[in-house]
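First up is the structure itself, then whatever we jot down about it.
What follows is calculated from the coordinates using simple rules that are stated; it is not laboratory data. All values reported here derive from a predicted model rather than from experimental measurement. Please note: Cβ atoms are built from the backbone with ideal geometry, for glycine as well, and neighbour counts cover all protein chains shown.
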DNA sequence: AAAGTCATGTCAGCTGCTGTCATCAGTACT
DNA sequence: AGTACTGATGACAGCAGCTGACATGACTTT
């Protein structure tokens, strides 16, 4: 038995998410979060670098999965397919670990606040950077790697939006594959119209 | 002759950019910016909603150009091609109005600060949202529109990075076209490998 | 038992940002 | 000419996010 109640970090996260849901993100102060968790404001900042971080913890772990998945892909696989497979794996992990309802609740907090949207975007951008690095490690050139990574993340973003906002029967990995197929059609159409001109 | 020196907004912008360059973004306070411009802190916030905004003013004007360009495209053009043309136009405008050197200086301030990168990303995301809306107005369905817009912006982002960091002879619109071509090859490769499997 | 560690508490302080009211040149209207 | 209105700025007070520095006390190691 420690001197304090255990799992301070978890209590802070729970308190924060409850409050963000109850009164909105910017109408809850860090002092309130800490109070509900039975801790002090200073301690909050020892666990989370800022007020937003609570909603984005775990994102680095996903980034590591992305790297591992890219490294595990067969060398012959084309870059964008490799990226897609890695993102499908992460999609499956997200789907299983927390489920669509949690994602929806979290999303509704995020969309109502620009600061949080910024953080969401930088998380995705960081994934793109990670993926691009992993591709470069496989010998893909800089521009191609960046392009494949960014495009893959854009596809993921679209698929995630569909997964959260619709009640499709489709699961997240399937939506990622589907979105990538749509993208293929889009680029093919550009090529065709360019060839005609 | 007004009661005050003219062009307060411009003086604030210049003072801010100078200071960001001299001592870094987070080591300059708003009070210092205001003092150098001969104004007060409060007045700074009347012209710019926050400290970062100085570096991103004018982005909404570009968004309007995007909408206009999409609306002006022939109805028969495929979605992604329409987006690409709009982004090429904005790319040309950026290139002409401020030039590569200014973009480089601005970039070096931004990359050294996460908060600024977030803002840059949200600017791009907002462009994507704008583009998607403009496509929907032309009858493109939701998913396709979002995908084309996000992908287009990703292509722009990559092209912009190449333009700023290399000393290619290529201008920005050409780099956008080139990056889109590379993307086409990437998706085509995915289709091909999927067909084999 | 002495020493070290580790998570937390306490406190002081900076800075970004906002609300509110005062000031006063220029403009328009009478 | 006088008066009222507008619009940009100043002055001031205050909140909240975030940080540095030091204290505390249970648990661990030696």
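For the reader, a short list of remarks on this structure follows.
- The one condition in (1) crowded, with 18+ Cβ neighbours inside 10 Å; (2) near DNA strand C (Cβ under 9 Å from one of its atoms) that residue A:5 fails to fulfil: (1)
- You will find that of B:41, B:89, the residue that is at negative phi and within 16 Å of DNA strand C (Cβ to nearest atom) is B:41 and no other.
- Index of the failed condition, residue A:167 passing every other in (1) touching a residue at least 24 places away in the same chain (Cβ under 8 Å); (2) surrounded by fewer than 17 Cβ atoms within 10 Å (Cβ to Cβ): (1)
- Filter pass, residue B:9 being within 10 Å of DNA strand D (Cβ to nearest atom) and either in a helix (DSSP H, G or I) or under 25 Å from the mean Cα position of the chain (by Cα) (or both): yes
- Filter pass, residue A:83 being within 14 Å of chain B (Cβ to nearest Cβ) and either buried (at least 17 other Cβ atoms within 10 Å of the Cβ) or not in a helix (DSSP H, G or I) (or both): yes
- Residue in segment A:58-70 that is touching a residue at least 12 places away in the same chain (Cβ under 8 Å) and closer than 19 Å to residue A:25 by Cβ present: yes
- One residue stands out among those in segment B:135-156 that are under 13 Å from residue A:154 (Cα atoms) and surrounded by fewer than 24 Cβ atoms within 10 Å (Cβ to Cβ): the one that is farthest from the other protein chains (Cβ to nearest Cβ), which is B:145.
- Which numbered condition residue B:89 misses (of (1) within 12 Å of chain A (Cβ to nearest Cβ); (2) surrounded by fewer than 20 Cβ atoms within 10 Å (Cβ to Cβ)): (1)
- Filter result (within 25 Å of residue B:94 (Cα to Cα), assigned to a helix (DSSP H, G or I), more than 14 Å from every other protein chain (Cβ to nearest Cβ) and away from DNA strand D (no atom under 12 Å from the Cβ)) within segment B:12-58: B:13, B:14, B:15, B:16, B:17, B:18, B:19, B:20, B:21, B:22, B:54, B:55
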